[in-house]
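> Let me begin by handing over the structure; questions about it come next.
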Amino acid sequence: MPAPATSDNDARLTRILKRVRRIELLTRGMVKEVLGGQYHSRFKGQGIEFDDFREYQAGDDVRFLDWNVTARMNEPFVRKYVEERELTVMLCVDVSGSADYGSQEDSKRERAAEIAAVFAFSAVQNQDKVGVTLFSDQVEEYLPARKGSPHALRILRDILNCEPRHAGTDIRPALNLALQRIAHRALVIIVSDFQTSTTEWEKTLRALAAKHDVVAAQITDPRELVLPNVGRVVLQDPESGEQVVLNTSNAEVRAKFDERVAARQQALDHLLRKSGVERITVRTDEDYVPALKAYFRSRRKRRRA
């Protein structure tokens, strides 16, 4: 008798597991050989937590004086802090409709999974905890931060396997969840194409950046940045389903498209800068290692300044 046909779900799961394995091998090697030490030097020991009180000594920073204890003891006392050696990394990954678009070998979601894996396996290597929030215009899934490779692999698998209930994009629910659930200072990585029609998430982002170290990793596809000259085409918004017909052979049409793309990128850059959030730009048609290395190098230079 012929073997039973593999169901579509089984075939999809097999593809996802193969993809997870490929990304694991790719990013683990890169973390170990290229970025591991840079992650450690950038993020470890950056936070401080309260340890105890002690009497004031000449040369102590007066900003650490605790006036309540000083009043009770009739002697100046300062708060003593110790460095936090364990870091929490929270990945906020966009799984909306636009994330599944890809004109190249990889979709934006697949490239986002690789960026997330770099930070997840860096955290694992440095004995840090890592969690994930998957979002569309709502929180689709939340995994609290934990240690260990099995948890990092679970995160990677869930990013690729998630079937969102909604297609739209709203970053606020994911940011609000991070504000509510992460008690101590953490590294929050927002991985998204940032194709959202509203900037109402700016206030929440600023609040999050005031409490945590926040990085925005923007995933872009070349076909979203440059309109090719291929005649009349039908473009469809993957989130709203709206369609529009464009004559890409018209130079004026292409020029307006370029202007809109430039304006959107400038607006995003302004919003992130104003919020104190650094940006990493990753394209689906380019190697992302140089972008990550440049990010870590720039952070080290600012620390020395």
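> Among 107, 71, 194, whose Cα projects farthest towards the positive end of the dipole of the chain, with charges put on the beta-carbon of Lys, Arg (+1) and Asp, Glu (-1)?
Checking the options against the dipole of the chain, the answer is 71.
> Modelling each spin label as a point 7 Å along the Cα-to-Cβ direction, I'd like the residue 163/residue 250 distance in nm, to one decimal.
The modelled label-to-label distance comes out at 4.0 nm.
> Using a Gaussian network model on the chain with a 10 Å cutoff between Cα atoms, which of 185, 15, 146 fluctuates the most?
Result for the chain, Cα springs under 10 Å: 15 fluctuates most.
> Here's another thing I want to ask about it. Name all residues of the stretch 226-251 having a backbone nitrogen under 15 Å from the label point set 7 Å from the Cα of residue 258 along its Cα→Cβ direction, giving them as ranges.
From the stretch 226-251, the list is 226-230, 248-251.
> Suppose the chain between residue 207 and residue 236 were pulled fully straight at 0.36 nm per residue; how much longer would it get relative to their current alpha carbon spacing?
Here the answer is 7.0 nm.
> Continuing with this model, one more query. For the stretch 189-305, what is the charge dipole size about the Cα centre, in debye to the nearest 20, if Lys and Arg each add +1 at the Cβ and Asp and Glu each add -1 at the Cβ?
Value, rounded to 20: 1040 debye.
> Given points 7 Å out from each Cα along the Cα-Cβ axis, report the residue 198 to residue 26 separation in nanometres with one decimal.
Here the answer is 3.4 nm between the modelled labels.
> Multiply the residue gap between residue 71 and residue 18 by 0.36 nm, knock off their C-alpha separation, and tell me the result in nm, one decimal place.
Roughly 12.7 nm would be gained on extension.
> Same structure again: May I ask which residue of 161, 267, 288 lies farthest towards the positive end of the charge dipole of the chain, with charges of +1 (Lys, Arg) and -1 (Asp, Glu) on Cβ and the Cα centre as origin?
288
> Considering the values (i) 18; (ii) 27; (iii) 12, which represents percent of Cα pairs over 36 Å apart as calculated for the structure under consideration?
(ii)
> Just tell me, in residue order, which DSSP H segments of the chain are both 30 angstrom or longer along the helix axis (alpha-carbon based) and at least -1.0 in mean Kyte-Doolittle hydropathy.
8-30, 251-275
> Still on this model: Can you give the FRET efficiency to the nearest 0.05 for residue 298 and residue 183, using r as the Cβ-Cβ distance and R₀ = 22 Å?
Using R0 = 22 Å, I get an efficiency of 0.15.
> For 175, 13, 160, which order do you get if you count the other beta carbons within 10 Å of each Cβ and list the fewest first?
Fewest-to-most ranking of 175, 13, 160: 13, 160, 175.
> Okay, which of the stretch 198-222 sit inside 16 Å, backbone N to the point 7 Å along the Cα-Cβ direction of residue 274?
Of the residues in the stretch 198-222, 198-210 have backbone N under 16 Å from the label point off residue 274.
> Which order, highest average first, do 89-100, 231-242, 107-118, 268-279 follow once you tally other Cβ atoms within 10 Å for each residue and take the mean per peptide?
Averaged packing, sorted descending, gives the order 89-100, 107-118, 268-279, 231-242.
> Relative to the Cα centre, what is the charge dipole magnitude of the chain, using +1 at the beta carbon of each Lys and Arg, -1 at the beta carbon of each Asp and Glu, and rounding to the nearest 20 debye?
Computed about the Cα centre, the dipole is about 880 debye.
Read-outs throughout are calculated quantities, based only on the coordinates presented, and are distinct from any laboratory measurement. Small disclaimer: the values here were computed from a predicted structure and weren't measured. Heads up, the Cβs are rebuilt from the backbone with ideal geometry, glycines too, and the neighbour counts pull from every protein chain shown.
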